[in-house]
1. My understanding is that a pair violates if its Cα-Cα distance is over 20 Å; which of B:Lys186/B:Lys222; B:Lys161/B:Lys186; B:Lys151/B:Lys222; B:Lys200/B:Lys222; B:Lys161/B:Lys222; B:Lys151/B:Lys186 do that in this structure?
2. Roughly what % of Cα-Cα distances in the range A:185-409 sit above 31 Å, to the whole percent?
3. Sort by residue number and report every cysteine in chain B with no other cysteine beta carbon within a distance under 4.7 Å.
4. Just name one of A:Leu139, A:Leu92, A:Asn152: the one whose Cα is farthest towards the positive end of the charge dipole of the range A:68-180 (beta-carbon charges, Lys/Arg +1, Asp/Glu -1).
5. At a temperature of 37 °C and a viscosity of 0.692 mPa s, determine how fast the protein assembly as shown diffuses translationally according to Stokes-Einstein, using the Kirkwood radius over alpha-carbon pairs as Rh; express D in µm²/s, rounded to the nearest whole number.
6. Can you check what the net charge comes to around A:Val188, using other residues whose Cβ is under 14 Å from the Cβ of A:Val188 (Lys, Arg +1; Asp, Glu -1)?
7. Within the set of other residues whose C-beta is less than 10 Å from the C-beta of A:Ala366, count the net charge using Lys and Arg as +1 and Asp and Glu as -1.
8. Could you give me the ³J(HN,Hα) list for the range B:127-143, computed from phi with Karplus coefficients 6.51, -1.76, 1.60 and θ = phi - 60°, whole Hz, x at Gly and Pro?
Amino acid sequence: MGKAQPELQSWGRYRRVVQLGVEQHWRDAILPSASPRAILPYGQGRSYGDVAQNTDGVLVCTRRLDRFIAFDSEAGVLRVEAGARLREILALVAPRGWYLPVVPGTQLVSVGGAIANDVHGKNHHRAGTFGRHVLRFELLRSDGTRMVCSPNENSQWFEATVGGLGLSGLVTWAELALTRIPGTNVDVQTLPCTSLAEFASLCDASDASHEYTVAWFDCFSYRDGRFRGLFTRANHAPGSPPPASPLGAVPFTPPIGLVQRTAMRAFNLAYFKAGMRRANATERMPLERFLYPLDRIDRWNRLYGPRGFLQLQCVIPAAQAPLGVGALLETIAASGQGSFLAVLKRFGAQRSPGILSFPVEGTTLALDFTCAGDATFRLFDILHKIVRQHGGRVYPAKDACMSAADFDAGYPDWRRMLPFVDPGFGSDLWRRVTSELAA
Amino acid sequence: MSSVTPGPAVAIFGATSAIAQCVARIYAAEGARFFLAGRNPEHLRAVAEDLRVRGASDVQVETADFRFVETCAAVCTQATRALGVIDVALVAHGTLPDQSLCERDDDALREAIAVNFTSYACLLIQLANVMEAQARGSLVAIGSAAGDRGKRRNYIYGAAKGGVAILLEGLMGRLARAGVRVTLVKPGFVDTPMTAAFAKGPLWISSDRAGRIIVRAIRKGKTTVYVPGFWRWIMAVLRVVPQRLFARLDL
């Protein structure tokens, strides 16, 4: 059954999987029966690794479940089908003074995907994860049963579904709490950030006063604990700029990756210099441009060429963060791999609602690697080991290769998930990370 | 969305089709009033809720099974009653019949023609009468590029859609005098639930884009619009291929 459908690939495009896509057209429809093959929800295909891939199985595609159901513009509560993208939601609510309290680095993800991966954004230190603002949702199981889940009602199912990697059933619709914004601008301040210690003190100084904080740095520049980096902090600001115009699409996959070392170094240097020119000044810009810079280039993932890319995103708990992140940067610099801008963000203390939610208080590091086959996977093994040694964990939404042991160490509670996993559901990631330990 | 300039009054038959939904969303953002007819009441309700949130000022729905001629007549009357003057009437329902089944089974054939042609004839003529009397508005129907030429693989569907084209051509002549615009929409490959089973290639477009193209054509008062436009040229070539040769093409 099925074939390699390129449109169902994961964002990293690092391998092709034989799987069948079946569309879910209406929220009252039952799930396709594929037994004994596993099914798995698939939204916008923005997960990097294999969390939304299902070899020899069926992907239940949710892009047609994109209808709004109700919007209370007084209370700021939106009910929407789970296949809707954040972009269409924001286009509806932002002009009326509302915004999603948590948005990831792209608005081209579905609500269902945002719930299943319990995504976070540049305001994690204030707002926590996406799941904290989900009021309730409907969960559809492969046996046809439906239940409405919220922190109070069927709360165990709520905890198993938020961050549940799509394994507990299909979320058909969700009700989301919105937050007031003064306009669709942000006031952004960029500061130089040249070491992990400086990053920590900038977070200390900014997290209370700024809604969004994040640091970007050039991982090629790392030497003796120092790097070229920029710390960005921002607050919402009034005004209603016109929607950002797209810069265009990457029309096809170039035969060789364009994200090459020399080009990246040049880009990183230029990016850093441009940032330094604005250093310390406050700049007002459209929220979209600040939050989703890469959304302006449609299908930018193709730039990595036919071999695709992998992303490492991990979090190291606060106490271990300076050491752990330092060790990771050291190893990456020594490897000569690594890529574009790397991102650092300090997660706050807000509890994540899901059993498998990724964020814990500490520092998260994210960076892309062109997939160069075994060499890249070997490097990831080493990096995952460092993460483990420092009590950290890897983000399943980005992951393509953590081992069952890595997963067990990072998510020691994961077995609590087992009673809630739909017997008809499965994913490549889940089979991998539970293979040795579930038995 | 303001009460000063109320949006257009839009009647859609087959309102739960993917293309119709995408067209409706564009009008909803302008505060349109809707009359929606379709087969499944739950699906109609989902579409109506969506359009209300997107800005529709009023949405009325009616369950209708277009296999029956009586239904078509009744639902047309209901549309007029619901909206008063109709600014845009879009007939968009349809099925992609299983051709090999239709070749063996009379009932399947009868149903394929009833849904894809007879109901169109009934609805469009009724609507033409209404719009002729109100002396304004746009009458729009979804035909198909498949209706331009009989092809081995889908000549039954093609015949129904070709019939719709001829019917609409006649109505163009008739309604031009009354100041009513008539638009025939001929989609090529549009990615919708109806075409879910097909492998998609570079010639395919999304239903969203189809919706935008159709609304633009309605606004410009185009008589025929291929969706997307390049099908005009593909079909222009295919139409002049001699029949002996055409029959040998694997289409």
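1. Numbers: B:Lys186/B:Lys222 12 Å; B:Lys161/B:Lys186 9 Å; B:Lys151/B:Lys222 26 Å; B:Lys200/B:Lys222 28 Å; B:Lys161/B:Lys222 18 Å; B:Lys151/B:Lys186 16 Å.
As for pairs spanning more than 20 Å Cα to Cα, those are B:Lys151/B:Lys222; B:Lys200/B:Lys222.
2. Details: 5516 of 25200 pairs.
In whole percent, the long-distance tail amounts to 22.
3. B:Cys22, B:Cys76, B:Cys102, each lacking another Cys Cβ under 4.7 Å.
4. Farthest along the dipole direction, towards plus: A:Leu92.
5. Values: Rh = 27.3 Å.
The estimated diffusion coefficient comes to 120 µm²/s.
6. Values: positive: A:Lys122, A:Arg233, A:Arg277, A:Arg278, A:Arg284, A:Arg289; negative: A:Asp187, A:Glu211, A:Glu283, A:Glu288.
Local net charge: +2.
7. Details: positive: A:Lys345, A:Lys398; negative: A:Asp368.
Surrounding charge for A:Ala366 is +1.
8. 5, 4, 4, 5, 6, 4, 5, 7, 6, 6, x, 10, 9, 10, 9, 8, x
Any read-out appearing in this document is the output of simple, stated calculations on the displayed coordinates, not a laboratory observation. Fair warning: this is a prediction, and the values are worked out from it, not measured in the lab. Don't worry about glycine lacking a Cβ; one is built from the backbone with ideal geometry, like all the others, and counts go over all protein chains shown.
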